[in-house]
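Since every read-out is calculated from the coordinates, none of them should be taken as a lab result. Being a predicted model, the structure only gives us computed values, none of them experimental. Every residue, glycine among them, receives a Cβ derived from its backbone with ideal geometry; neighbour counts consider all protein chains shown.
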2 protein chains.
Amino acid sequence: MNGQFQIATHVLTLLCKQPGELLSSDYVAGSMNVNPVLVRKEMRKLRVCGLIESKEGKTGGYCLALPPQKITLADVYKAVKLPPALGQAKNKPNPACPVGKQIGAHLDHLADEVEAAIITKLSTITIFDFVNQFD
Amino acid sequence: MNGQFQIATHVLTLLCKQPGELLSSDYVAGSMNVNPVLVRKEMRKLRVCGLIESKEGKTGGYCLALPPQKITLADVYKAVKLPPALGQAKNKPNPACPVGKQIGAHLDHLADEVEAAIITKLSTITIFDFVNQFD
DNA sequence: TGTACTGTAATATTTTTTATTACAGATAAA
DNA sequence: TTTATCTGTAATAAAAAATATTACAGTACA
């Protein structure tokens, strides 16, 4: 139950709907019923990737760093760094077994291909597109 | 850290390499350093989906139910039922907010599209293909 | 009839995610 | 210059999910 991508997308949607305004973490956290600190954590990731800007101090808050047509959901996905879609084994397969010895590399390669497929799909959708779906 | 897909794929690889033989959960669990009960749980999912067969009692174990050319990694993915690749928000967005009111439906639709992209990718790879990568 | 499996439940442990609390630093306004 | 309000961040607690462990009923074979 990982809602980091949803939080980031929700905030970006709000920022896109109120261009030019600075929205506070308390405000957006209230709009989605989630803890403000969690919002600030996701915002840090988005800021590091150059998707948003933030301003400290009184009247501070967050706004988009780029036009929403330039931000794809793939950018969001990469910024948020979710765990891999196929999961990730933590076990160490038996190296004495010919399968166990090699399967890690093959599974990693497969995981990379799946991540690439996800990113290809998400790169076709911008925040602008996403927000345009709303009434 | 979810290794269910990896466990299922590992077992299917072993079953594919030893056609006709029944492999026990203890044997395969030893090959991948994981708990045998966890193996049996994944095997139940694969059996329900018709990918493997199991036999109880002494000399019991697991074997493929289909030729490995007929089992795709998409079948495995669907059988294992991982949590959605984009995660899943547990929060209930504020229904008084026009964004909060609608975003759930749009995020669900997006999640469906991403799952479809994953399945499209994985459906191009059979267990036979996967196992053929091994030396 | 004993042995060695699957099937499954119950419980505990570990890991991950989310929530909460706290506070330093920044900035605007009184 | 002081106060209020925000970000940034750390530390900790609580909740949720995954995995490990234990236990045992049922099945099938020797």
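Counting Lys +1, Arg +1, Asp -1, Glu -1, what net charge surrounds A:ILE119 among other residues with beta carbon under 14 Å of its beta carbon? Walk me through the numbers on the way to the answer.
Working: positive: A:LYS78, A:LYS81, A:LYS121, B:LYS121; negative: A:ASP75, A:ASP112, A:GLU113, A:GLU115, B:GLU113.
Residues close to A:ILE119 contribute a combined charge of -1.
Relative to the other copies, what are the label-point distances for A:GLN133, with labels 7 Å from Cα along the C-beta vector, expressed in nm at one decimal and sorted shortest first?
3.1
Taking H as built 1.01 Å from N, whose amide H comes closer than 5 Å to the amide H of B:ILE52, not counting residues under 5 places away?
Under 5 Å from the amide H of B:ILE52: B:ARG47, B:ALA65.
Run the dipole for the protein assembly as shown about the Cα centre, Lys and Arg Cβ at +1, Asp and Glu Cβ at -1, nothing else charged, and hand back the magnitude in debye, nearest 20. Working shown, then result.
Details: 30 positive and 24 negative charges, 138 e Å.
Taking the Cα centre of the protein assembly as shown as origin, the dipole is about 660 debye.
What residue among A:ALA111, A:ALA65, A:ALA74 has the largest mean-square fluctuation in a Gaussian network model of chain A, using Cα springs under 10 Å?
Highest fluctuation of the listed residues: A:ALA111.
Shortest first, in nm, what separates the label point of A:VAL37 from those of the same position in the other copies (7 Å along Cα→Cβ)?
Its label point is 3.4 nm from the equivalent points in the other copies.
Once you average over the residues of B:72-82, how many Cβ atoms of partner chains fall within 10 Å of each Cβ?
Working: counts 0, 3, 0, 0, 1, 3, 0, 0, 2, 0, 3.
Average neighbour count from other chains, rounded to a whole number: 1.
At A:HIS109, with labels set 7 Å past Cα in the Cβ direction, how many nm apart are the copies from this one, shortest first?
Distances between equivalent label points, in nm: 3.8.
With a cut-off of at most 16 other beta carbons within 10 Å, and DSSP calling the residue loop, which trypsin sites (Lys or Arg not before Pro) in the range A:1-110 qualify? Please list them. Write out the running numbers ahead of the final one.
Values: sites: A:LYS17, A:ARG40, A:LYS41, A:ARG44, A:LYS45, A:ARG47, A:LYS55, A:LYS58, A:LYS70, A:LYS78, A:LYS81, A:LYS90, A:LYS101; in loops: A:LYS58, A:LYS81, A:LYS90.
In loop regions of the range A:1-110 (DSSP not H, G, I, E or B), the sparsely surrounded trypsin sites (Lys or Arg not before Pro) are A:LYS58, A:LYS81, A:LYS90.
Using +1 on the beta carbon of Lys and Arg, -1 on that of Asp and Glu, and nothing else charged, what's the dipole of the range A:4-132 about the Cα centre, debye to 20? Before the final figure, lay out each step's value.
Numbers: 15 positive and 11 negative charges, 71 e Å.
About 340 debye.
Relative to the first principal axis of the alpha-carbon coordinates of chain A, what is the inclination of helix A:98-122, with its axis defined by its Cα atoms, in degrees from 0 to 90 and to the nearest 10?
The answer is roughly 30 degrees.
On a C-alpha basis, how far is the centre of the range B:75-135 from the centre of the range B:1-71 in Å? Whole number, if you could?
About 24 Å separates the Cα centre of the range B:75-135 from the one of the range B:1-71.
In chain A, what residue has the beta-carbon at the shortest distance from the axis of the rotation relating A to B, and what is that distance in angstrom, rounded to the whole number?
Looking at chain A's Cβ atoms against the axis toward B, the nearest is A:ALA85, 2.
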